[in-house]
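Shown next, in structure tokens, is the structure this report addresses.
The values are calculated or read from the model by the stated rules, or taken from the named source; none is laboratory data. Given the structure is predicted, the values throughout are model-derived calculations rather than measurements. Here the Cβ positions follow ideal geometry from the backbone for every residue, glycine too, while neighbour counts run over all protein chains shown.
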Amino acid sequence: MVSSSLPLAKTSNRYWSILLTIYYLFEGIVLFFIPESWKHKDVNGQTVLITGAGSGLGQLMAIRFAKLGCKVIVWDVSSDGMDKTVQMFREHKLDTSKIFCYKVNLCDRNSIYETAKRVKDDVGIVDILINNAGVVTGKNLLDIPDEKIQMTFDGHIVTVASVAGNLAGCSMSDYHASKFANVGFDMSLRMELSQAGLHGIHTSIVKPYFITTGMFSGVHTPMVAFLTPEYVVERMVSGILANTEEIIIPYYFLYFFWLMVIMPAKCLVTMGDFLGSYEFMAHFQGRQGQTTKNNNNEMNNNTIKSKKIH
């Protein structure tokens, strides 16, 4: 086991912990006013593994990281989807020798282990792992056997969740449960990495609002507009390059999260009613019920334009 081979930290001096907490609070305030682009790290030559990169956000992230000079490893259950990703590389005049596609069933643990070994043999160590497909192994990351997975001491693990991991709405209980689990997984993982002294491994949790990818076709949100995939990917990549722990898209949802902490439970229900959460799923169709007309309506009525990141 990886965890058994690492010296795990014990509870330190609590007064020192309080002083560090105060320091980090002031540090966070200062960093809040520094443009995110000033904090970007150089990922040229690094290797990025993206699960679910055969469609949607995963494809766009693959293109974005390739443009930054990264080798891109694509994991997806769809061969056709991965072929499309490779075709997109050609259309963007990117080097297709730097994209490596592996068909893998992320619901099959053995398939994941076997593919991970192939990646290690074919490409080498992964620097950035983006869990875009939203599947976890069900085990403590540090308790996965050494022969199954090799951890690096300098890397980045990204979990794509949603604002639904902090907020709730009607007719989405299963979706909310999975996203709350994503958020809890990231928090626990960050603690485990700190306990093991692996401070060179960064983690990021991504929490976007509804995106015009078709997954929520038919949903009507009267108060907040849908986001374009291009805008979301631009914000995600910028946050990853800056080692941002929590990437909230759009950022002002952070204020909703703060309100949830201080408001009584009854206020959360009435606030949800005000935001339209009782009925925004009333005409939900999803990908199967999506039509070209619905697509056009979504793009015209529920889309905000991509913004340049400064």
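Might you let me know whether region 32-46 holds any residue that is aliphatic (A, V, I, L, M), modelled with pLDDT of 85 or more and over 21 Å from the mean Cα position of the chain (by Cα)? So far as region 32-46 goes, yes, one or more of its residues are aliphatic (A, V, I, L, M), modelled with pLDDT of 85 or more and over 21 Å from the mean Cα position of the chain (by Cα). The sole residue among LEU57, LEU49 that is in contact (Cβ under 8 Å) with a residue 24 or more places away in the chain and assigned to a helix (DSSP H, G or I) is LEU57. Taking the stated definitions as given, is ILE125 closer than 22 Å to THR203 by Cα and crowded, with 17+ Cβ neighbours inside 10 Å? In short, no. Of everything listed in (1) in contact with a helix residue (DSSP H, G or I) (Cβ under 7 Å, 6 or more places away or on another chain); (2) surrounded by fewer than 16 Cβ atoms within 10 Å (Cβ to Cβ); (3) not in a helix (DSSP H, G or I), the single unmet condition for ILE73 is (2). Might you let me know whether region 103-125 holds any residue that is closer than 25 Å to THR244 by Cα and either of a type in the set (A, V, I, L, M, F, W, C) or more than 22 Å from the chain's Cα centre (by Cα) (or both)? Within region 103-125, one or more residues are closer than 25 Å to THR244 by Cα and either of a type in the set (A, V, I, L, M, F, W, C) or more than 22 Å from the chain's Cα centre (by Cα) (or both). Note on region 103-128: residues that are over 18 Å from GLN46 (Cβ atoms) and out of contact with any Leu (no Cβ under 7 Å at 6 or more places or on another chain) amount to 15.
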